[in-house]
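Below you'll find the structure, written out as structure tokens, and then a few comments.
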Amino acid sequence: MSLKPFLPVLLLFGILSCNTNRYHPIEIAGKRIPIGEIIAPDTAIQNFIRPYSVHINKTLDSVLAYNPTNLNKNDGKLNTAIGNLMADIIMEQANPVLKSRTGNNIDLVLLNHGGIRSSIGKGPVTARTAYQIMPFENEIVVVEITETKLEEMLTYLEKAKTAHPLSGIQILVDEDYKVIEATVNGKKIDRDKTYFVATSDYLQQGGDNMNFFKDPVNIYPVDYKIRNSIIDYFTKLDTLKTGKDDRYNQKRGNN
């Protein structure tokens, strides 16, 4: 077979294969383009989204309950009124879901202090309030853990010395924050028992170094966002009732 028809292609291939030139970009530069009044709004887009914006704002600002006092996550050393409220909400709202699916009850709740993103001011409580407290899409999960993992949790709290939201457990620590006594639902921790702990999916995956939640005996998704549980809780109340208590407390001197 004659190669004449292919000679131009072969010649071009030979030239390209012998070309050793390498090309590199001389400079790559980025530029920040601010979005402000200098950019005129698109009237058509504004008109299109306005009905949705009005509807969303009306929904978010609808009054659900009343808060009689200011709630701030820094108003206590080891437990705060707002933290106690959040943990108690998870207990109340998620427990019926777990019970219906597994026949088990939630033993305790642990969230993280840093997850409370806003205070709750005195006055009307709205759906927007829930979004301000919990702007993330975190969901409630229940992990079944051993007594050993529960002890690791207590050690974590000793070191943290922080008002992480708790419910269902009572902890007394000494002046050095070492646990003197811990009870779950009024009972001493049982070595032969596993415990069902409600938390967020973020913490279950080791967020805030809560590694004791990893590799549990079982994990039960509740399919319930923390924020939605807060909204549902607000909806069924008239007035918020919460406060600091002795669920996580420090013993002073000989008292």
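A short reminder: the numbers here are calculations on the coordinates, not readings from a lab. Owing to the predicted nature of the structure, the values given are computational and were not obtained by experimental measurement. Virtual Cβ from ideal backbone geometry, glycine too; neighbours counted across all protein chains shown.
Figures for the structure shown
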{"quantity": "Positive-end residue of G114, L85, P124, charge dipole of segment 82-131 with Cβ unit charges", "calculated": "P124"}
{"quantity": "The chain: most fluctuating residue of I39, I133, I89 per GNM, C-alpha cutoff 10 Å", "calculated": "I39"}
{"quantity": "Selection of trypsin sites (Lys or Arg not before Pro), segment 166-207, meeting DSSP coil and at most 16 other Cβ within 10 Å", "calculated": "K178, R191, K193"}
{"quantity": "Shape call, segment 22-64: gyration tensor on alpha carbons, a/c limit 1.5", "calculated": "prolate"}
{"quantity": "Mean projected area (nm²) of the alpha-carbon convex hull when segment 163-238 is viewed from all directions", "calculated": "7.4 nm²"}
{"quantity": "Hull shadow area, averaged, the chain [alpha-carbon convex hull, nm²]", "calculated": "29.7 nm²"}
{"quantity": "Qualifying GluC sites (Glu not before Pro) in segment 75-155, DSSP loop, other Cβ atoms within 10 Å at most 15", "calculated": "E137"}
{"quantity": "Charge dipole magnitude, Cβ of K and R +1, D and E -1 - the chain, Cα centre, debye nearest 20", "calculated": "580 debye"}
{"quantity": "Flagged links, alpha-carbon separation over 18 Å, of K161/K251; K99/K241; K149/K214; K77/K236; K178/K251", "calculated": "K99/K241; K77/K236"}
